[in-house]
Amino acid sequence: MKATVDQDACISCGLCASDCPEVFEMKGDKAAVIANPVPAGKEEACKTAAANCPVSCIKCE
């Protein structure tokens, strides 16, 4: 599974980094993917982060 963040749409809320810190972190004022592919066992947390994103800028595929 691969995670991506649409930097143009990100509103810097930080929810993804809270939901799945193994995959996402805040870099400056935007979320960034720090692990691709998504580590084994963290796929559901990545999907949760994508589902919880208020602007739907995260994809986990």
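Since every read-out is calculated from the coordinates, none of them should be taken as a lab result. Remember, predicted model here, so these are calculated numbers, not experimental data. As a convention, Cβ positions derive from the backbone with ideal geometry for all residues, glycine included, and neighbour counts pool all protein chains shown.
About the centre of its Cα atoms, the chain shows a dipole size close to 60 debye [charges on the beta carbon of Lys, Arg (+1) and Asp, Glu (-1) only; nearest 20 debye]. As a calculated quantity, the FRET efficiency between residue 9 and residue 40 at R0 = 25 Å, using C-beta atoms, amounts to about 0.35.
Sites listed here are trypsin sites (Lys or Arg not before Pro) in segment 1-32 whose DSSP assignment is loop and whose Cβ has at most 15 other Cβ atoms within 10 Å: 2.
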